[in-house]
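Reviewing the structure listed below.
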Amino acid sequence: MPNPQSQSVEFLQNLDESAEIARRRNLYQKLQPQVVAAGAKLIFDSLPANTCPYGLPVFATPNIKRKLEKIARKNRVTLMSWPDLPDDVRSTAPSFYQQVWLLNFK
């Protein structure tokens with residue numbers, strides 16, 4: 001049976017869910033025009049109502065990825081490849097997976 005760290009349990013018990021949802025939705029709406037201006041292509045055209053985003057997923061070439069890194073630093077979020085494919089699948093996955101990035105709202 002899983003045994004989460006006490007810090008994680010305490011964090012989740014004290015989390016203001018409404019504030020966290022608002023923070024993530026605000027970040028999504030704030031970053032969306034910035035990543036489009038940088039040349040990235042949005043994977044989802046809009047953020048549906050009642051959705052709490054994990055992050056903002058986009059398609060980006062290596063040159064645009066560098067711009068996304070600057071946007072991520074400026075907005076205090078992380079940029080990560082997404083999805084994180086297992087090594088045994090990565091070599092046979094469609095090439096577009098290498099251009100999918102997530103501005104992670106962690």
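Structure notes:
- Value of relative contact order over the stretch 6-104, rounded to a whole percent, pairs C-alpha under 8 Å and six or more apart: 27 percent
- Residue order, fewest to most beta carbons within 10 Å, for V9, V100: V9, V100
- Chymotrypsin sites (Phe, Trp or Tyr not before Pro) restricted to the stretch 19-84 and DSSP loop, no more than 14 other C-beta within 10 Å: F44, Y54
- Restricting the calculation to Cα atoms, every distinct pair contributes to the Kirkwood radius of the chain, found to be 15.3 Å.
- Shape annotation for the stretch 1-52: C-alpha extents along the principal axes are 43, 22, 16 Å, from largest to smallest.
- The C-alpha atoms of the chain define a longest principal axis, and helix 17-37 lies at about 10 degrees to it.
- Order of W82, W101 - criterion: other Cβ atoms within 10 Å of each residue's Cβ, fewest first: W82, W101
Rule-based calculations on the coordinates, nothing more; no lab input. Note that the structure is a prediction, hence the values are computed from the model and not measured. Please note: Cβ atoms are built from the backbone with ideal geometry, for glycine as well, and neighbour counts cover all protein chains shown.
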